[in-house]
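Notes follow the structure.
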Amino acid sequence: MSDQAVSVVEFLPTSSTTPGEARGWRPTLHPYALAVCPVLTIWAGSIREVTLGEGLAAVLFMSSIAAVVLWLFRLVIRHDQRAALAVTFVLTMVLSYGSTCS
């Protein structure tokens with residue numbers, strides 16, 4: 001063993017820090033990726049019929065919808081990662097409504 005013993009208490013977050021502060025801020029990208037995935041799929045299937053401006057407008061629209069829903073969930077849940085996970089679940093349910101498994 002070495003002379004410099006490291007205490008486990010040094011690595012534990014204090015009671016005044018939140019779980020996000022203990023690890024540092026991490027951006028949550030999965031709600032946005034899930035929101036634009038159907039738009040990109042449809043755009044890829046009809047790339048010759050849809051202009052670049054129309055496709056980017058649809059991507060921007062879905063990203064802004066995801067941002068607003070994520071902001072609302074952060075207000076209610078008050079935890080960034082849990083709110084993002086909840087938004088991902090809600091977007092999965094909404095965007096998969098009516099799809100068939102054929």
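The values are calculated or read from the model by the stated rules, or taken from the named source; none is laboratory data. Keep in mind that this is a model prediction, so the values were computed, not measured. Counting neighbours? That spans all protein chains shown, and the Cβs are built from the backbone with ideal geometry, glycine included.
Observations, loosely collected:
- Subset tally (residues that are free of Cβ contacts under 8 Å to residues at least 12 places away in the same chain and either among the hydroxyl-bearing types (S, T, Y) or surrounded by 10 or more Cβ atoms within 10 Å (Cβ to Cβ) (or both)) for the range 48-57: 5
- Flag if I42 is assigned to a helix (DSSP H, G or I) and modelled with pLDDT under 95: yes
- Residues of the range 80-97 satisfying the condition of being more than 14 Å from L29 (Cβ to Cβ) and either of a type in the set (D, E, K, R) or without any contact (Cβ under 8 Å) to a residue 12 or more places away in the chain (or both): R82, F89, M93, V94, S96, Y97
- Complete set of residues in the range 23-68 that are aromatic (F, W, Y) and under 22 Å from H79 (Cβ atoms): W25, Y32
- Test for L60: is it exposed (fewer than 13 other Cβ atoms within 10 Å of the Cβ), at pLDDT 95 or above, part of a helix (DSSP H, G or I) and of a type in the set (A, V, I, L, M, F, W, C): yes
- Extreme residue, farthest from V87 (Cα to Cα), among residues of the range 59-72 that are out of contact with any Phe, Trp or Tyr (no Cβ under 7 Å at 6 or more places or on another chain) and among the small types (G, A, S): S64
- Screening V69 against (1) part of a helix (DSSP H, G or I); (2) free of Cβ contacts under 8 Å to residues at least 12 places away in the same chain leaves a single unmet condition, (2).
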